[in-house]
Amino acid sequence: MEYDSIIIGMGVAGISAAIYAKRAGNNVLMIEKMRPGGILNIIDNIENYPGFKSISGPDLSYQLFEQVTSLEIPYKIEEVIDISLEGNLKIVKTNKATYKATNILIATGRSPILLGLPNEEKLVGKGISTCALCDGSLYQGKEVAVVGGGNSALQEALYLSKIVKKVYLIHRREEFRGEENLVEKIKNQENIEIIYNSQVTELQEENGVLNKIVLNDEKTLEISALFIYIGYAPKTDFAKNLGITNPVGYIEVNENFETKVEGIYAAGDIIIKKVYQIVTAAAEGATAAIRFSRKKTTNKLTKTE
Ligand code: NAP
């Protein structure tokens, strides 16, 4: 197979880029490790994406995916493990095959950060979660805690409050980072108790399942689950050899979403920028695709199995 462009990541930025690239006549391939939609799959409700007063993340994700299939954009569910250069061509190695393209767009997004407590990783799925939408229903009628003070923590605490008996919202400062309208909703929700100026310092378990958390003032909360929303880390390990990431893994791009390597673009949550929103990711993917579609070359591309 020959590709003008390979788009890595089927979240909003990647799919937006693929739509523009395909419509511009590019021979484009999308590669996704897990499932189309990326982080949308763990967002329960979106109220700030134009065209939808309210839509669930999985529903928006499905609509994006339908657009990919209706445009007949080819995609592979494979994990990219390395990108290298061969003259003007970019070589994308996955866990199953190797592909070549003139242009690459990296739009792999970010994954949730954990607190870094000793027994935390082994309790993921056993009382610790980073996805209220996926796991919230397991805790109907129970008491849970959410940690974080950004939009994600606020939004997911609200979502959980409609399912569980009580939500403790634990934030390390006195002011929330999230939007005022969400803060207002949180304050008006009777079964959410906000615990300001507080950090989780210990996770206690019974029979391998989380049952208590200890806060820095020694207060102990008996809860059935802890939902962690303290931010996200970029997923760019496979791109480290290219020298386009900063020390914490974010990619630096110019106004056309070009990295310092000719023909390698990046968009969405993995780039260094000020605003991390669905609508900005869509715009960035589109801008990058318009740019590389205009610079399209006639290089012949080959796929090596
Ligand atoms: P975020 O905005 O980076 O907020 C992370 C929160 O976690 C902050 O309140 C931070 O506290 C806290 N935190 C960080 N490390 C911590 C630690 N070790 N222990 C305890 N607390 C810790 O992350 P986010 O809420 O996931 O949002 C990410 C981006 O997506 C943002 O740009 C956000 O606006 C966007 N987003 C938008 C929407 C929406 O528009 N509705 C929804 C979700 C996300 P400090 O405040 O003290 O730093």
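The values are calculated or read from the model by the stated rules, or taken from the named source; none is laboratory data. Fair warning: this is a prediction, and the values are worked out from it, not measured in the lab. Note that we place each Cβ from the backbone using ideal geometry, even for glycine, and neighbour counts take in every protein chain shown. Surface areas here come from the heavy atoms of the whole protein model, side chains and all, with no ligands, DNA or RNA. Shrake-Rupley method; radii C 1.70, N 1.55, O 1.52, S 1.80 Å.
Has segment 227-235 got any residue that is at pLDDT below 95, in a loop (DSSP other than H, G, I, E, B) and surrounded by 15 or more Cβ atoms within 10 Å (Cβ to Cβ)?
yes
Considering only residues that are away from the ligand (no atom under 16 Å from the Cβ) and surrounded by fewer than 24 Cβ atoms within 10 Å (Cβ to Cβ), which ones fall in segment 128-160?
Within segment 128-160, Asp135, Ser137, Leu138, Tyr139, Gln140, Gly141, Lys142, Glu143 qualify.
Identify, from the list Ile46, Ile6, Ile91, Ile83, the residue that is touching a strand residue (DSSP E or B) at 6+ places or on another chain (Cβ under 6 Å) and without any contact (Cβ under 8 Å) to a residue 24 or more places away in the chain.
Among Ile46, Ile6, Ile91, Ile83, only Ile91 is touching a strand residue (DSSP E or B) at 6+ places or on another chain (Cβ under 6 Å) and without any contact (Cβ under 8 Å) to a residue 24 or more places away in the chain.
For segment 236-251: of the residues being under 18 Å from Gly11 (Cβ atoms) and of a type in the set (A, V, I, L, M, F, W, C), which is surrounded by the fewest Cβ atoms within 10 Å (Cβ to Cβ)?
Within segment 236-251, the match that is surrounded by the fewest Cβ atoms within 10 Å (Cβ to Cβ) is Phe238.
Does segment 69-83 include one or more residues that are more than 16 Å from the chain's Cα centre (by Cα) and assigned to a helix (DSSP H, G or I)?
Among the residues of segment 69-83, at least one is more than 16 Å from the chain's Cα centre (by Cα) and assigned to a helix (DSSP H, G or I), which makes the answer yes.
Looking at segment 161-179 only, could you name the residues that are within 12 Å of the ligand (Cβ to nearest atom), open to solvent by 20 Å² or more (accessible area, probe 1.4 Å) and out of contact with any Leu (no Cβ under 7 Å at 6 or more places or on another chain)?
Correct list: Arg172, Arg173, Glu174, Glu175, Arg177, Glu179.
Being part of a helix (DSSP H, G or I) and hydrophobic (A, V, I, L, M, F, W, C) is the filter here, so list the residues in segment 36-66 that pass it.
Correct list: Ile39, Leu40, Ile42, Leu60, Leu64, Phe65.
So, in segment 24-54, of the ones that are among the hydrophobic types (A, V, I, L, M, F, W, C), more than 13 Å from the ligand (Cβ to nearest atom) and open to solvent by 30 Å² or more (accessible area, probe 1.4 Å), which residue ends up modelled with the lowest pLDDT?
Met34
Residue-wise test of (1) out of contact with any Lys or Arg (no Cβ under 6 Å at 6 or more places or on another chain); (2) of a type in the set (D, E, K, R); (3) over 21 Å from Ile213 (Cβ atoms).
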residue: Val146; (1), (2), (3): yes, no, no
residue: Ala153; (1), (2), (3): yes, no, no
residue: Leu169; (1), (2), (3): yes, no, no
residue: Glu174; (1), (2), (3): yes, yes, no
residue: Glu180; (1), (2), (3): yes, yes, yes
residue: Asn188; (1), (2), (3): yes, no, yes
residue: Asn197; (1), (2), (3): yes, no, no
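I'd like to verify a number: residues in segment 252-281 that are among the aliphatic types (A, V, I, L, M), surrounded by 15 or more Cβ atoms within 10 Å (Cβ to Cβ) and either without any contact (Cβ under 8 Å) to a residue 40 or more places away in the chain or away from the ligand (no atom under 13 Å from the Cβ) (or both), how many?
6
From the set of residues in segment 185-200 that are among the polar types (S, T, N, Q) and more than 20 Å from Leu117 (Cβ to Cβ), which is most open to solvent (accessible area, probe 1.4 Å)?
Within segment 185-200, the match that is most open to solvent (accessible area, probe 1.4 Å) is Asn188.
Could you say which residue among Leu117, Leu85 is surrounded by 14 or more Cβ atoms within 10 Å (Cβ to Cβ) and touching an Asp or Glu at 6+ places or on another chain (Cβ under 8 Å)?
Every option except Leu117 fails the conditions.
Please state which one of Ser137, Ser111, Ser70, Ser84 is within 30 Å of Asn216 (Cβ to Cβ) and of a type in the set (S, T, N, Q).
Sole residue among the options that is within 30 Å of Asn216 (Cβ to Cβ) and of a type in the set (S, T, N, Q): Ser111.
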